[in-house]
Amino acid sequence: MHILKALLITTLLAGPAFAQTVAPAQITVTGEGSVEGVPDVATLSLGVTTQGDTAAEAMAANTAALSAVLERLKAAGVAPRDMQTSNLSLNPNWTSYDSASQPKIAGYMAQNQLTVRIRDLNSLGAVLDAAIADGANTLNGLTFGLSEPRPAMDKARAEAVADAKARATLLVEAAGAKLGRVVSITEGGGYSQPMPMFRADATSAEPVPVVGGEVSTTANVTIVYEITQ
């Protein structure tokens with residue numbers, strides 16, 4: 001009986017404490033930071049497409065043309081480490097056919113794509129001219145970026161945290177409460193958004209005009225705060 005009374009008293013005393021253990025209210029906000037910068041590196045995707053009666057002829061012509069392009073790029077100041085084959089393909093050219101005939105192969109097409117990193121943007125137009133002059137007949141894209149993106153990304157992260165805190169403070173104070181401690185911080189996917197301007201005229205005697213514009217480095221963070229009264 002005494003043991004039962006002791007357990008009952010303990011339970012009654014602990015009851016209010018358990019009742020008061022309530023998780024504090026929380027608010028979740030997402031902040032974004034963006035930093036603009038002048039690009040100092042460009043990435044060019046170009047290629048050579050050739051045709052031949054046989055697969056060997058198509059590939060041999062492609063190899064010869066791409067070798068000339070590579071040599072011209074090296075002469076224009078592009079280092080070997082900044083050139084990389086990104087795609088190589090060899091496909092038959094099928095003739096059109098109807099229900100009464102079978103498809104036939106009319107020659108072959110070889111394609112070799114090259115990704116080129118250009119560290120001297122002042123030479124970008126000349127590099128494009130050199131590649132086109134020696135057989136590059138496919139341009140798949142030109143993007144600009146930062147050779148050292150970490151400082152810009154760190155600054156964008158700091159701005160994202162400040163933005164999240166400002167949003168949370170505004171919302172909580174508008175509701176008549178106060179912002180409490182940080183519960184968690186989750187970083188979203190940061191990215192660099194190039195904003196290049198590009199136009200080309202392969203028949204022009206002048207270097208291809210290229211303008212780098214700016215690169216926007218963006219970071220996102222999601223922060224959970226406690227709310228206090």
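Of note:
- Segment residue 187-residue 155, extension gain: residue separation times 0.36 nm, minus the distance between their alpha carbons: 10.2 nm
- Checking every one of the chymotrypsin sites (Phe, Trp or Tyr not before Pro) in segment 49-152 against DSSP loop status and a limit of 16 other Cβ atoms within 10 Å picks out 97.
- Cα gyration tensor shape of segment 50-117, rounded if a/c is under 1.5, else prolate or oblate by comparing a/b with b/c: prolate
- Taking amide H as placed 1.01 Å from N in the peptide plane, the amide H of residue 25 sits under 5 Å from that of 227, each at least 5 places away or on another chain.
- Burial ordering of 123, 184, fewest other beta-carbon atoms within 10 Å first: 184, 123
- For a straight C-alpha distance cut-off of 13 angstrom, the aspartates and glutamates reachable from residue 165 (same-chain residues fewer than eight places away being disregarded) are 32, 173, 226.
- Overall form of segment 113-163 per C-alpha gyration tensor (a/c, 1.5; a/b vs b/c): prolate
- Neighbour-count order for 89, 34, 96, fewest beta carbons within 10 angstrom listed first: 96, 89, 34
Where a number appears in this text, it was derived from the coordinates with a stated rule and is not lab data. This one's a predicted model, so the numbers in the text were calculated from it and none came from an experiment. Positions of Cβ are generated from backbone atoms using ideal geometry, with glycine treated the same way; all protein chains shown enter the neighbour counts.
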